[in-house]
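Working notes for the structure below.
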């Protein structure tokens with residue numbers, strides 16, 4: 001398993017994977033970690049595409065993914081991949097899309113276990129009332145990512 005650390009505007013990002021694909025992308029709060037000098041061949045595309053995303057030059061990813069999880073988790077993560085860049089959905093709407101409106105907690109749990117930060121866009125799932133609900137990377141990061149993807153701000157008329 002290869003790994004690389006890259007700098008992002010919201011912290012050091014760890015990318016892990018092998019020839020089968022990227023299995024984990026996470027953001028770390030460790031201020032002592034430094035970006036990697038050498039990028040393993042298997043992770044070059046992922047590192048390049050994430051840097052392009054943070055620079056505002058990319059809205060989607062096309063490198064090979066290989067997340068580890070249950071069948072249900074993978075079903076939820078696949079549904080997350082269908083949320084368009086710059087858009088959001090609610091846990092309830094995601095549950096309905098997956099065929100079980102009562103599965104909101106299970107969907108939220110699978111969302112929270114997403115091992116592919118940003119690429120599988122769990123940050124695009126919000127509360128039914130539009131609130132920013134739990135996010136493993138911290139709500140400030142979720143807010144940053146949503147603003148990065150949809151920079152047009154509503155201006156108050158008052």
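Which of (1) out of contact with any strand residue (DSSP E or B) (no Cβ under 9 Å at 6 or more places or on another chain); (2) surrounded by fewer than 19 Cβ atoms within 10 Å (Cβ to Cβ); (3) over 23 Å from residue 10 (Cα atoms) does residue 73 not meet, given it meets every other one?
All conditions pass for residue 73, except number (2).
Of these, 131, 95, 90, which one is loosely packed, with under 13 Cβ neighbours inside 10 Å and either outside the structural domain of residue 12 (by TED's automatic domain parsing) or in contact (Cβ under 8 Å) with a residue 12 or more places away in the chain (or both)? Spell out the reasoning first.
Numbers: 95 fails: loosely packed, with under 13 Cβ neighbours inside 10 Å; 90 fails: loosely packed, with under 13 Cβ neighbours inside 10 Å.
Just a single option satisfies the conditions, and that option is 131.
Let me spell it out: the conditions are (1) in a loop (DSSP other than H, G, I, E, B); (2) surrounded by 16 or more Cβ atoms within 10 Å (Cβ to Cβ), and residue 60 meets all of them except one. Which number is the exception?
Of the numbered conditions (1) in a loop (DSSP other than H, G, I, E, B); (2) surrounded by 16 or more Cβ atoms within 10 Å (Cβ to Cβ), the odd one out for residue 60 is (2).
Does at least one position in the range 102-122 carry a residue that is loosely packed, with under 12 Cβ neighbours inside 10 Å, free of Cβ contacts under 8 Å to residues at least 12 places away in the same chain and either outside the structural domain of residue 50 (by TED's automatic domain parsing) or not in a loop (DSSP other than H, G, I, E, B) (or both)? Break it down stepwise before answering.
At the first step, the residues of the range 102-122 found to be loosely packed, with under 12 Cβ neighbours inside 10 Å are 102, 105.
Filter again for free of Cβ contacts under 8 Å to residues at least 12 places away in the same chain, leaving 102, 105.
Add one more test, that the residue is either outside the structural domain of residue 50 (by TED's automatic domain parsing) or not in a loop (DSSP other than H, G, I, E, B) (or both), and what stays is 102, 105.
Yes, the range 102-122 contains a residue that is loosely packed, with under 12 Cβ neighbours inside 10 Å, free of Cβ contacts under 8 Å to residues at least 12 places away in the same chain and either outside the structural domain of residue 50 (by TED's automatic domain parsing) or not in a loop (DSSP other than H, G, I, E, B) (or both).
When the range 79-101 is examined, which residues are found to be out of contact with any helix residue (DSSP H, G or I) (no Cβ under 7 Å at 6 or more places or on another chain) and not in a helix (DSSP H, G or I)? First the steps, then the outcome.
Going through the range 79-101, the residues out of contact with any helix residue (DSSP H, G or I) (no Cβ under 7 Å at 6 or more places or on another chain) turn out to be 81-82, 84, 90, 93, 96, 99-100.
81, 82, 84, 90, 99, 100 - these are the residues of the range 79-101 that are out of contact with any helix residue (DSSP H, G or I) (no Cβ under 7 Å at 6 or more places or on another chain) and not in a helix (DSSP H, G or I).
The values are calculated or read from the model by the stated rules, or taken from the named source; none is laboratory data. Note that the structure is a prediction, hence the values are computed from the model and not measured. With ideal geometry, Cβ positions are generated from the backbone for all residues, glycine too; neighbour counts draw on all protein chains shown.
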